[in-house]
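The values are calculated or read from the model by the stated rules, or taken from the named source; none is laboratory data. Please read these numbers as outputs of a predicted model, since none were measured by experiment. Ideal geometry is used to build each Cβ from the backbone, glycine not excepted, and the neighbour counts take in all protein chains shown.
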Amino acid sequence: MSNVGNSYYLRKLKLQKLTIHDYMTQGAHCYCWTEDQMATGPREIGTCVYLWLLSQAEYGSKTALMYRASCGGQNRNR
């Protein structure tokens, strides 16, 4: 039993995900979270990219070349 009302379960819980593919090592880094853990805005995406860049700097990387997928409904901000 839950104290939360039935209306809470009427809408879907959104899962946000960001995958970064490293072409040099052929590895992938996936970041996933639900909307109850963090928000779903550009700050969260920026934080994931920043954390990935910090992890790469620990290995001595000095530069990063980044591309983005052109997904439908994607925000086109620069």
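General observations
- A Cβ distance below 9 Å, combined with a sequence gap of six or more or placement on separate chains, defines the contacts here; from segment 16-29, residues that are charged (D, E, K, R) reach residues that are part of a strand (DSSP E or B) and surrounded by 10 or more Cβ atoms within 10 Å (Cβ to Cβ) in the pairs Lys17/Cys30; Lys17/Tyr31; Lys17/Cys32; Lys17/Trp33; Asp22/His29.
- Residues of segment 51-78 that are exposed (fewer than 10 other Cβ atoms within 10 Å of the Cβ), under 27 Å from Leu13 (Cβ atoms) and modelled with pLDDT of 75 or more: none at all.
- Filter pass, Ala39 being surrounded by 10 or more Cβ atoms within 10 Å (Cβ to Cβ), modelled with pLDDT under 85, in contact with a Leu (Cβ under 8 Å, 6 or more places away or on another chain) and not in a helix (DSSP H, G or I): no
Okay, residues lined up against (1) among the basic types (Lys, Arg); (2) within 9 Å of the chain's Cα centre (by Cα); (3) under 18 Å from Tyr67 (Cα atoms); (4) in a loop (DSSP other than H, G, I, E, B):
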{"position": "Gln16", "(1), (2), (3), (4)": "no, yes, no, no"}
{"position": "Trp33", "(1), (2), (3), (4)": "no, yes, no, no"}
{"position": "Gly46", "(1), (2), (3), (4)": "no, yes, yes, no"}
{"position": "Leu51", "(1), (2), (3), (4)": "no, no, yes, no"}
